[in-house]
Structure formats: C-alpha cells, structure tokens
Amino acid sequence: MFAFSFFASNCAFAYEFVQASTEIPKKDKTTVNYVDDQKPIQGSVLEDSKFPDRKEFAIPNIFDAMLIKRIEETNAAEAAAQKTNPAPAKKEITIDSKELEYFDDTGELEAAGNVVINSGPDNTVTSDRAVYDKNSNIIKLFGNVILRRGENVASGEYMVIDLNEENALMDAPTIAVGPLIRIRAQEAYAYTDRFEAVNGSVELAKKIEMCLKSSRFNSYDKMLIQDEDVSFDLKKERLSSYKIKAKEIIIEPKKDHDSLILKNADLYYKKLKVVTLGSLELFSDKEMNYTEVNVPIDVGSLDDFGTYFGMGYIFKLPTGASLKVSPALVYDHEIGIGVLGSLKTKRLTLDAAWATSSENLILDGEYKIIGPLRAEFGRHAYKDEWFLGSNRAGHIAQLVYDDSYRVKDLDANFRHRITAGYASDYVAKHQEDNNYGTMRLRWQSELSKNLFKVSNKEQDMSLEMGIFGQTAATVYGTGETTALVRGGPWIHSRVKNWKSNIAYAFGGFHGKSPFEFDEYTYGKSSFSIDESLMLTKHLSIGYRGTISPLKDNSDNDLFTENRFYVIAGPDDIKVAFSYDTIRENAYLDFMFLLGTDNTGITYEKLTIKDPDKLRKKEPGFMKDWQYRKIKVPENL
C-alpha cells in the first residue's frame with residue numbers, strides 16, 4: 001500500500017514528453033527521438049517613445065520610463081534565479097510504433113500499433129494507439145494502456161493526460177503495486193501532489209496476518225496460519241462473504257512514518273453489518289521494519305504485576321519511532337493504578353509496566369544490531385531461552401547470536417545460539433535486596449534430520465518423522481559451569497482438522513547454576529506436546545506442554561510447561577486467548593487476516609498524498625553492513 005509514486009509521477013512524465021516535442025515530420029513511420037531545444041518565449045517590449053527633433057521640446061513620458069525599468073529589473077532577477085537554480089535537463093523521450101503520423105491541419109500527432117513511449121529504463125507507457133493534440137495540449141491513449149514505473153503497473157483501456165492542469169485520468173484502472181497488491185477503481189486521477197481513486201476495491205495476493213495485540217510483552221505462540229496464494233482473474237468477480245467498507249481511505253507519508261487511515265469503516269457479513277470500526281489508523285516507519293495499529297485497549301495479566309485493563313494512545317516520534325502509553329487499572333490482591341508503555345523504532349522494541357498495587361517495575365527490550373545478532377535486556381521479564389524454556393531473571397542484559405544453516409551432506413538442519421552478558425536472580429518483593437548477579441556465557445545447538453514423510457491428499461492426512469540432538473554449555477562469572485546433552489525422535493502428524501507435534505528427549509545434565517531462575521527444569525527425560533484441534537470452522541483449541549515423567553527436575557513437578565489457548569472467530573477475524581499456568585500469564589490478541597479468499601476491502605474514495613515521498617528515507621550508516629556477513633559453506 002506504500003508504493004504508488006509511479007502513478008502520480010506519470011503526469012510529470014507525460015509533461016516532459018510534450019515539452020520535448022518540437023517540429024514533427026509528416027507521415028514518418030519510423031522510431032523518432034525528440035529532444036527539447038525550444039527557447040523560452042520572451043515578453044513583449046514597448047515601442048520606443050517618439051520625441052521631437054528639437055531638444056528643448058523633448059519631454060520624456062515618466063510612466064514609460066518606470067515600466068521599462070520594471071521590465072529590466074524583472075528580467076535581471078529571472079536571469080539571476082536561472083543561474084542559481086538552473087532548470088533540470090530534459091530527458092530524451094523515445095516514441096516507437098508501427099505508424100507515426102502528424103496532421104498539420106489539426107495539429108495532432110497520432111501513433112498506432114504497439115505504441116511504446118519511453119523516458120528511461122524503468123519508465124514506459126504502452127498502448128494500441130496514442131493521440132497528442134498540440135492545440136489543447138492533451139494526450140489521449142487508447143486500448144491496452146499500461147503504465148510501468150519500476151515493478152509497479154497500472155492498466156486500463158483509456159487514459160487522458162491534461163498537460164495544462166498537470167493531471168491524468170484513467171478509466172476503470174487496475175493498479176498492481178508490486179506482486180502483492182491490486183487496486184481497482186471506476187476512475188483514477190493523478191495529480192502532481194496526490195493520487196485519487198473513486199469507488200473501488202483493494203485486493204491482496206496472499207494472506208496477511210495483521211495482529212492487533214491487546215497485551216504488551218511477549219505474546220503467546222499462536223496456531224500457525226499458512227499463507228495461500230490467491231490467483232487474480234481480472235475478468236472474474238471474486239466472491240466476498242466478509243467485507244470491510246470504508247467511506248474513505250487515506251494514505252499519507254509523514255517525515256518519518258507512512259500512515260494509512262480507514263475512515264467510517266464498517267465490517268459486513270454478506271449484507272449484514274456486524275460492527276462499526278470507526279476510524280482506524282495503521283502506520284509504519286519508512287523502511288517498514290514494523291507496522292503499528294492504533295488500538296487503544298490494553299488487556300492482559302502478568303505474574304507479580306496483576307491483571308490489567310487500560311486505554312492508551314500511540315504517539316509518532318521522530319526517526320520513525322512510535323510510543324504507546326496506556327494508563328490502566330491493575331488488580332494484584334488489591335486494586336491499583338498503573339501505566340504501560342511500548343516503544344518501537346527501526347531496531348528497538350521496549351515494553352514497560354508499573355503499578356501501585358505491586359510496586360514492581362517490569363522492562364522487556366530487544367535491539368536488532370545486524371542480521372542474526374541482537375541485544376536483549378529486561379527486568380522481571382521472561383526471556384526465551386529456546387529449548388531451555390522461557391525464564392525470568394531479576395536483571396538481564398546480553399548479546400544474542402542466533403542463526404541456522406542447511407547441512408547439505410547430511411540432509412539436515414543445524415541451528416546454534418550464543419548468548420553473553422550479565423544476569424541477576426529474581427526476587428519478587430524487593431529486587432534491590434539480595435539481587436546477586438554475575439556474568440553468563442551460553443552456547444546452544446541443535447541438529448535435526450527428517451527421516452521420512454508420507455501424505456494422502458484424498459484423506460487429508462500427513463505424517464512426518466525425524467530425530468534431533470541438542471547440546472548446551474554455560475559458564476558463569478563465579479567459575480561454575482553446566483552442560484546438557486539430549487536427543488530423541490519427533491513426530492509431526494495431521495489428520496484433517498487435528499494437528500499434533502510430539503517430541504521425546506532423553507539425556508544428561510551436569511553442574512549447577514548459581515541462579516534459581518536458570519535451573520534446568522525438564523529432567524533427564526521429557527515429552528514435549530503441541531496439539532491443536534479445529535472444532536468448528538470458527539473455533540479452535542490448543543495445548544502446549546512439557547511432561548517430566550521422572551519428576552527429576554528442580555521443582556519435582558510432572559508438568560514443567562502448561563499452556564492452553566483458544567482461537568475463535570470467522571476466517572478473517574480472530575480473537576485469541578491463552579493462559580500459561582506455570583508463569584501465571586494471560587494474553588489476549590485480535591487478528592485480522594487480510595487477503596483471504598472471502599474478504600474484500602471496498603472504498604468510496606482513496607487518496608494517496610505526496611506519493612513520491614512514500615517509503616523514501618536516506619539510508620543510515622549501517623547500509624553497507626549487509627556485505628560483511630560471513631558466508632557459511634553449504635557442506636558445513
């Protein structure tokens with residue numbers, strides 16, 4: 001939705017084409033190149049005043065003298081301005097067609113048969129026929145009109161470009177923005193500063209999951225939603241059961257953000273209006289590193305913080321950042337007042353929460369450095385430690401390198417994770433008391449191989465089996481060390497609406513961590529279970545847990561992971577809820593799946609302001625870092 005600059009700029013493109021045309025030969029049926037060599041038209045000059053021959057009768061006209069002086073001053077100022085800011089050089093325009101003819105009596109240039117107008121390697125206009133009227137200064141294009149600017153394409157049967165008003169009109173256009181987005185309209189207008197479309201629709205070629213999180217911090221692991229391509233048939237009307245109807249859609253670039261606003265939007269099921277969405281704004285930074293939705297509600301629950309409900313607002317900050325602040329009511333054995341905040345930049349994500357009921361400040365942050373390298377930090381926040389689980393430290397700040405490779409010779413996948421930093425243990429009441437901390441260096445790795453896979457499309461069933469091996473080694477600043485080696489089989493299966501992922505791991509663990517939060521909790525053997533079942537078209541349930549049958553973990557518990565979740569709603573709008581009994585955390589998310597087979601977005605008016613400024617920002621100092629990545633051989 002953020003790449004429409006090609007359309008509006010075609011006015012300027014066509015304007016250059018006409019200005020570049022000079023004398024046109026008659027009945028020239030070959031390719032003709034036109035280069036601008038016209039000179040500016042000068043203003044009229046006053047006739048010299050006539051005075052008598054005798055000097056004593058020569059009475060100059062003071063008004064003529066003032067007017068001549070003003071013209072001279074104006075010409076001098078224009079010459080100085082032209083010298084300071086010279087006009088940009090005209091581009092060479094190439095017109096190629098089977099037939100090219102100029103009619104002197106009507107002042108029209110007509111090109112027919114595979115007309116191609118080119119102003120550069122990425123800027124072309126093609127049609128079956130084109131007519132330029134020199135008297136009216138209007139270009140008309142007929143039949144299979146296609147405008148290409150880079151990867152973006154607009155197509156229609158008729159287009160007119162008015163060079164006097166510097167705008168263009170295309171009748172019933174279909175606009176392709178990259179490989180993903182299609183926009184249809186009854187009419188589309190292109191101006192120098194905006195693009196407008198009337199009575200149309202927006203379609204997406206893939207399912208796009210837009211998650212509107214009502215809870216801050218780490219969200220639960222949702223059921224995987226597979227992307228499915230949608231074949232575009234421009235001659236065929238697509239069926240739409242669910243539809244979002246908006247009075248107006250506005251796409252507007254700011255200095256550091258690009259914004260999309262749906263005004264007076266309603267959600268319909270067939271002809272029944274389900275809910276009024278009102279005004280909804282989506283925006284991202286210029287590089288689209290993140291997308292934020294201005295959803296005011298914050299709902300959730302955090303261990304040692306409480307259950308909270310808040311209403312917030314998102315502020316757009318310089319350099320493409322955004323800040324959401326939500327005052328909230330919090331209940332943790334007593335009712336308190338708190339505040340939640342979320343800061344997002346190109347590389348930084350930071351969530352924070354504090355309430356009077358718990359007096360516990362929670363921080364959770366991540367900074368993307370380059371490629372697989374990032375920095376993590378937090379206070380009283382759960383951090384994902386891969387197959388060692390999600391653990392909560394008092395304070396933690398560490399560098400994380402996480403990458404995976406394909407081992408071609410073994411036909412297997414290899415992944416490893418290295419962390420290095422500082423951590424302290426968790427104390428619930430007063431973190432500043434007895435908060436022992438030290439350095440920690442950890443390496444984790446996994447090698448996984450698929451042994452076989454079978455499927456039956458008619459029965460809608462599949463089975464996949466493999467084996468894996470995992471290792472982990474940790475060194476603490478105190479000199480203490482721990483080591484883990486484990487492995488086992490895994491099975492992935494699906495029978496119609498039931499999906500199952502089961503893995504069994506057995507091995508050995510050596511050493512003891514100086515931190516309570518960092519203890520290994522899964523024992524010598526454990527079963528990992530991930531089950532999901534679609535009960536009906538609109539309701540799915542799931543469970544994820546880890547069972548330690550020998551209860552030889554640090555807590556002597558049978559269940560070391562225990563999470564339930566429910567996803568409800570139609571195909572395109574889902575409400576998802578999960579509860580983690582181990583960490584006592586609840587999460588609530590709303591998901592919109594745009595681009596599915598039965599969803600459409602229609603509008604009465606779509607406006608794109610300053611399209612040339614969309615997704616344009618000067619590259620930063622890290623633009624060349626991509627060339628410094630280390631290449632790992634495929635036969636690792």
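Quick notes
- When S215 is tested against (1) surrounded by 19 or more Cβ atoms within 10 Å (Cβ to Cβ); (2) touching a Gly at 6+ places or on another chain (Cβ under 6 Å); (3) at pLDDT 75 or above; (4) of a type in the set (S, T, N, Q), only condition (3) is not met.
- Qualifying positions in region 115-137 - at pLDDT 80 or above and at positive phi: N137
- Counted residues, region 390-428 - those being among the basic types (K, R) and surrounded by fewer than 17 Cβ atoms within 10 Å (Cβ to Cβ): 3
- Condition check for T471: surrounded by 13 or more Cβ atoms within 10 Å (Cβ to Cβ) and either within 37 Å of the chain's Cα centre (by Cα) or of a type in the set (D, E, K, R) (or both): yes
- Annotation for region 532-539: no member residue is touching a residue at least 12 places away in the same chain (Cβ under 8 Å), within 22 Å of L447 (Cβ to Cβ) and assigned to a strand (DSSP E or B).
- Screening K263 with (1) in contact with a helix residue (DSSP H, G or I) (Cβ under 7 Å, 6 or more places away or on another chain); (2) closer than 22 Å to I183 by Cα gives one miss only, at (1).
- Qualifying position, being modelled with pLDDT of 75 or more, in a loop (DSSP other than H, G, I, E, B) and surrounded by 14 or more Cβ atoms within 10 Å (Cβ to Cβ), among D266, D304: D304
- Hits in region 363-389 - residues which are over 28 Å from the mean Cα position of the chain (by Cα) and either of a type in the set (S, T, Y) or not in a loop (DSSP other than H, G, I, E, B) (or both): R379, F387, L388
- Every condition in (1) touching a Ser or Thr at 6+ places or on another chain (Cβ under 7 Å); (2) in contact (Cβ under 8 Å) with a residue 60 or more places away in the chain; (3) outside any strand (DSSP E or B) is met by Y426 except one, and the failing one is (1).
The values are calculated or read from the model by the stated rules, or taken from the named source; none is laboratory data. Remember, it's a predicted structure, so these values are computed and weren't measured experimentally. Because the Cβ atoms are built from the backbone with ideal geometry, glycine has one as well, and the counts that use them run over all protein chains shown.
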